[in-house]
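The values are calculated or read from the model by the stated rules, or taken from the named source; none is laboratory data. Everything quoted here is computed from the prediction, not taken from an experiment. Backbone-built Cβ (ideal geometry, glycine too); neighbour counts: all protein chains shown.
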Amino acid sequence: MSRPVRNRKMCTPPLMAGFKPFGMPLCEIESLKLHYDEYESIKLVDHEGLSQDDAAEKMDVSRPTLTRIHNSALKKIAKALVECLAIEIEGGNVEFEKEWYKCNKCFKLIEGLANHKKCGDCKTYGFKELTKISQRK
């Protein structure tokens, strides 16, 4: 029996819930899931230019685990680009450093709800909590 998967640390959730091929309606294409920890590995290593050791430390995982997560993310992104698939960013075993919410209408990220009765951009009242992430499926 394998060990349970530990939560990976994340600073902030992604701004968008995913991506789709340009010029194609979402209802006509298949999609694949990129987990939050896979997104975070791409952000830290490829976008921010951190070494895998530093990224692993930031995510609170071992370097070999970070490498597996990162390689999985790269494979999924390559498959989506080559096969014209949409990418949905969701789920995974992650833990945010702070409480994050997303406006249900304009999708703006909001840190904590203590002083936010309604969204400052679109003036609606509905928020989705992102700090309670479902386990990897």
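For this structure, a couple of remarks:
- Summed over the range 1-25, residues that are more than 22 Å from ALA55 (Cα to Cα), among the hydrophobic types (A, V, I, L, M, F, W, C) and exposed (fewer than 11 other Cβ atoms within 10 Å of the Cβ) total 2.
- Helices (runs of 4 or more DSSP H) (entirely within the range 1-107) containing at least 1 residues that are hydroxyl-bearing (Ser, Thr, Tyr): 36-42, 63-83
- In summary, LYS108 fulfils each of the numbered conditions (1) basic (Lys, Arg); (2) at pLDDT 70 or above; (3) under 27 Å from ARG6 (Cα atoms) with the single exception of condition (3).
- Taken as a whole, the condition of being crowded, with 16+ Cβ neighbours inside 10 Å, without any contact (Cβ under 8 Å) to a residue 40 or more places away in the chain and among the hydroxyl-bearing types (Ser, Thr, Tyr) does not apply to SER51.
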